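Derivation of every value follows stated rules applied to the coordinates shown; laboratory data play no part. A quick note: this is a predicted structure, and the numbers were derived from the prediction, not measured. Ideal geometry is used to build each Cβ from the backbone, glycine not excepted, and the neighbour counts take in all protein chains shown.
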Amino acid sequence: MRIRFWGTRGSLAKPGPTTVRYGGNTSCVEVRTADGTLIILDCGTGAHGLGQVLATAGPQPIRGHLLITHTHWDHIQGFPFFAPLFVPGNVWDIYAPGGLGRRLEETLAGQMEYAYFPVTLEQLGATIHYHDLVEGVFDLGDVQVTTHYLNHPGLTLGYRLQAGGAIVIYATDHEPHALPQREASSASSAGSQVLSVHREDQGHVEFLRAADLVIHDAQYTAAEYPQKVGWGHSPMEYAVDVALAAGVKRLALFHHDPMHDDGTLDRLVEACRRRVIACHGALEVFAAAEGLVIELSKAGGIAPSGTERTASATADEVDGSNVSGATVLVVDDEPDIVDLLIATLAPEGYRLLPAHDGEAALRLARAERPSLILLDWRMSGRDGLEVCRALRDDPDPDLRRVPVVLLTAQMGEENIAAGFSAGVTDYLTKPFKPSHVRSRVRGWLLRSRQDGAEGSSPHAESP
Ligand SMILES: [Zn+2]
Ligand SMILES: [Zn+2]
């Protein structure tokens with residue numbers, strides 16, 4: 001596999017003398033494999049330069065795959081300027097996370113409405129196929145692609161590409177679900193990295209497992225991060241820690257903050273390397289730079305992650321990515337919070353059921369069998385953990401496995417561990433942002449729909 005960085009900056013393009021070495025263009029990475037498969041990861045402003053090269057050099061017409069992590073501006077702003085899309089005869093397959101009525105094609109068309117751009121989506125000359133993705137595994141040419149949800153305000157997918165015995169992972173626009181309370185550098189040796197007890201953080205490490213190269217969000221430093229919690233980006237120290245824990249060979253720090261100039265990035269890379277040494281790790285760390293090319297070739301095979309699903313990943317094939325209409329139970333003893341959550345989720349088209357105590361929550365869950373439960377922890381009477389334990393012991397298999405997202409302001413390690421041992425699926429931390437609530441709810445509805453489709457029919461055992 002050959003990887004080339006065309007855009008490495010996060011949030012906003014930042015060209016100029018202070019970003020000459022690491023680059024000013026936003027996210028765009030080109031991947032080529034031995035059989036000629038062309039995969040482009042994100043379509044930020046870096047896609048302009050790539051498009052010029054593709055359109056003027058190499059075989060024509062072009063057949064390519066564009067994998068978009070999510071549709072925030074910095075990941076799609078190069079799309080209307082990507083020359084190969086204008087050429088008749090070229091064929092492009094475009095993939096991005098789906099899940100609601102508004103599909104990828106409409107979202108991309110949105111930034112090309114006449115108020116913003118002179119050419120509409122329909123005027124692009126190439127043949128374009130759109131695919132709404134969920135979590136899963138699928139093949140593009142000789143590449144096996146595994147998708148995994150990241151933690152970002154806006155449903156975002158990470159991509160794991162495996163070809164020719166090499167693995168590269170693209171995981172940008174992600175932040176930790178929780179940070180460990182102890183410092184990682186206190187770990188005594190490689191492999192004993194201190195990790196968050198949050199299951200989603202551990203799932204993230206499994207997603208990165210044994211990769212030859214991980215391209216990871218590293219927008220902030222640990223010192224900057226406390227001011228940026230909830231913005232959906234990682235402190236670079238966390239990127240180092242998860243890469244070490246996952247046994248990764250090389251880590252490319254990516255999605256550079258517009259405020260981090262070349263000199264700053266040099267110093268931050270050095271600090272990350274010292275962190276690896278302090279952990280006795282063998283990880284190679286560098287900052288992704290525009291124009292940098294990396295060849296990954298593998299003699300010995302690498303064991304794939306053990307957590308891969310075999311479900312088809314494209315919505316077009318499973319027709320399971322539209323979760324509007326799903327029933328969501330919203331439980332909190334503060335009516336204002338229930339109202340807020342319902343107002344936040346109502347535009348998504350869900351069927352929303354409010355409850356204000358644990359008893360009512362259990363009654364409604366048994367009567368209505370929701371696809372997802374948002375459950376407050378601290379309630380008088382039966383609290384959230386008691387409700388969750390009762391659900392996990394229920395005779396109805398649907399209730400035993402319904403995703404439960406616990407609403408809490410207490411995210412200490414002991415609290416997180418207590419929730420997971422009570423059967424909680426995930427957390428939403430108060431106070432929440434609407435974008436977080438929406439992306440978390442959509443992600444779990446899509447995951448649970450897939451689980452239902454993969455296992456025996458979810459309603460087969462009901463009377
Ligand atoms: Zn971004
Ligand atoms: Zn984003």
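Brief remarks on what is shown
- Over the chain, DSSP H runs of length four or greater, each weighted -39,500 (n - 2.57), average out per residue to a 222 nm ellipticity of -8000 deg cm²/dmol.
- Ranked 229, 293, 424, criterion: other C-beta atoms within 10 Å, fewest first: 293, 229, 424
- Inter-site label distance for residue 73 and residue 396 at 7 Å from Cα along Cβ, in nm: 4.5 nm
- Multiplying the residue separation of residue 2 and residue 346 by 0.36 nm and removing their Cα-Cα distance gives an extension gain of 119.4 nm.
- Spin-label zone in the range 413-444 - amide nitrogen under 16 Å from a point set 7 Å from the Cα of residue 378 along the C-beta vector: 413-416, 419, 428-432
- Theoretical FRET efficiency, 1/(1+(r/R0)^6), r = Cβ-Cβ of residue 274 and residue 430, R0 30 Å, to 0.05: 0.25
- Taking a ≥ b ≥ c as the square roots of the eigenvalues of the alpha carbon gyration tensor, the range 24-69 is oblate, as a/c is not under 1.5 and a/b does not beat b/c.
- Over the range 191-234, equivalent-ellipsoid semi-axes from the Cα gyration tensor in Å: 21, 14, 10
- Modelled label positions at residue 57 and residue 119, each set 7 Å beyond Cα in the direction of Cβ, lie 2.2 nm from each other.
- For the range 25-159, fraction of C-alpha pairs farther apart than 19 Å, in %: 47 percent
- Loop-located GluC sites (Glu not before Pro) in the range 104-150, at most 13 other Cβ atoms within 10 Å (DSSP): 113
- Rounded if a/c under 1.5, otherwise prolate or oblate - the range 95-180, Cα gyration tensor axes: oblate
- With the convex hull of its Cα atoms as the shape, the range 365-409 has an orientation-averaged projected area of 3.1 nm².
- Total lysine pairs under 22 Å (Cα atoms) in the chain, excluding pairs fewer than 8 apart on one chain: 4
- Cα gyration tensor, the range 152-295 - rounded (a/c under 1.5), prolate or oblate: rounded
- The chain pair-distance distribution - Cα-Cα, 10 Å bins, rounded %: 4, 20, 30, 26, 15, 4, 0
- Longest segment of the chain lacking chymotrypsin sites (Phe, Trp or Tyr not before Pro) that sit in a DSSP loop with at most 13 other Cβ atoms within 10 Å: 117-463
- Residues 380, 11 in ascending order of nearby Cβ atoms (within 10 Å, fewest first): 380, 11.
- Rounded FRET efficiency, nearest 0.05, which uses the C-beta distance separating residue 359 from residue 129 and R0 of 51 Å: 0.55
- Taken about its Cα centre, the chain carries a charge dipole of roughly 760 debye when the Cβ of each Lys and Arg holds +1 and the Cβ of each Asp and Glu holds -1.
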